[in-house]
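The values are calculated or read from the model by the stated rules, or taken from the named source; none is laboratory data. Just so you know, these numbers come straight off a predicted model, no measurement behind them. Don't worry about glycine lacking a Cβ; one is built from the backbone with ideal geometry, like all the others, and counts go over all protein chains shown.
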Amino acid sequence: MPTSDVRREPLTRPDGTPIRVLAVDDEPSLTELLSMAMRYEGWQVGTAGSGLAAVQAARELRPDAIVLDMMLPDFDGLEVMRRIRTEQPDVPVIFLTARDAVEDRIGGLTAGGDDYVTKPFSLEELIARLRGLLRRTGADQPRSSSTLVVGDLVLDEDSHEVTRAGEPVSLTATEFELLRYLMRNPRRVLSKAQILDRVWNYDFGGQANVVELYISYLRKKIDAGRPAMIHTMRGAGYVLRPGG
C-alpha cells in the first residue's frame, strides 16, 4: 500500500539486505496495513498480535525496529519491550497508543521507548517516523570508526559505547543520538528547534518538552555525582562543555 506517490530512496541494512521491522498489534487489520506499507518501502516485516508472540517473533526476526501497541491482550507494550530488550538491548521502539494523554506518551518514553504515535494515525506519518528512527539509530548505515571526546566524556560511534571518566554510561538509542549531537557541537548553544530537527527529524507534534525530558535523562546519566557538562542557557537552548 503506497504511502506516497513518489518512491523514495530505499533504506537497507549496511550489508544491503532489507531493513527488518516487527509490527505488534492485536488488530489483524492494522498489522496487515502496516505490513503492506512497510513492504512497499522494501522492508522485511514480521507481525504479532500478543506480547508472548511478539517476544518470540523478535527472537526469530532480530528486527532493526519495532512498532509496538501499548495495549495487548496478555501484557502491555512496556513489558513486551522489557522482555525483548533483555536479548536485544539496543532495538528501537515506536509505541502505538489509543490514548492522546501526555502521561501515556511520556510513560512510554520514560520506560525507554524512542517515539510514539497516537491512534488514529496516517501510515505516511508512521513510515516517516520509522525512517527517521532507523536513520538516527544507524540501522541503515555502516558504523563509522570515529570517537568523540569532550573533557572526560568519550563516545565511540563505532561500538555505541559511552564512558565518563572511564566509567561506562548506558544510553538508549535516542539518548545516544542526542549526546552525539551535543558532542559534535561542543561549547555551541543548540536550540530546542535545532535538537528536534536533528535528533527526531520532525517537529514532534509541537512537543518541544520532549527535549527537556531527554536532556534530564542525559544529565542523570552523564552528570550525576560529577562536574556538570550539560548546561541550560535560559531562553536559548543547551550547551555541552567540559566539566570542571
Every listed condition ((1) at pLDDT 90 or above; (2) out of contact with any helix residue (DSSP H, G or I) (no Cβ under 7 Å at 6 or more places or on another chain); (3) hydroxyl-bearing (S, T, Y)) holds for T110 save (1)
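Among the candidates R99, R7, R105, which residue alone is surrounded by fewer than 16 Cβ atoms within 10 Å (Cβ to Cβ), under 21 Å from V210 (Cβ atoms), at pLDDT below 90 and among the basic types (K, R)?
On inspection, the qualifying residue turns out to be R99.
Within region 50-69, restricting attention to residues that are in contact with an Asp or Glu (Cβ under 7 Å, 6 or more places away or on another chain) and buried (at least 21 other Cβ atoms within 10 Å of the Cβ), which residue is modelled with the highest pLDDT? Write out each step before concluding.
So in region 50-69, the residues in contact with an Asp or Glu (Cβ under 7 Å, 6 or more places away or on another chain) come out as 50-52, 59, 69.
Pick out the ones that are also buried (at least 21 other Cβ atoms within 10 Å of the Cβ) and you get 51, 69.
Details: G51: 95, D69: 91.
Of everything passing the filter in region 50-69, G51 is modelled with the highest pLDDT.
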Condition set crowded, with 17+ Cβ neighbours inside 10 Å and part of a loop (DSSP other than H, G, I, E, B), scope region 14-49, selection farthest from the chain's Cα centre (by Cα): answer is G49
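Using the structure shown, decide if L123 is assigned by TED's automatic domain parsing to the domain that holds V80 and at pLDDT 85 or above. First the steps, then the outcome.
Values: assigned by TED's automatic domain parsing to the domain that holds V80: yes; at pLDDT 85 or above: yes.
Considered against the rule, which asks whether it is assigned by TED's automatic domain parsing to the domain that holds V80 and at pLDDT 85 or above, L123 comes out as yes.
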Could you tell me whether region 32-42 includes any residue that is more than 24 Å from R82 (Cβ to Cβ) and either among the aromatic types (F, W, Y) or at pLDDT 95 or above (or both)?
yes
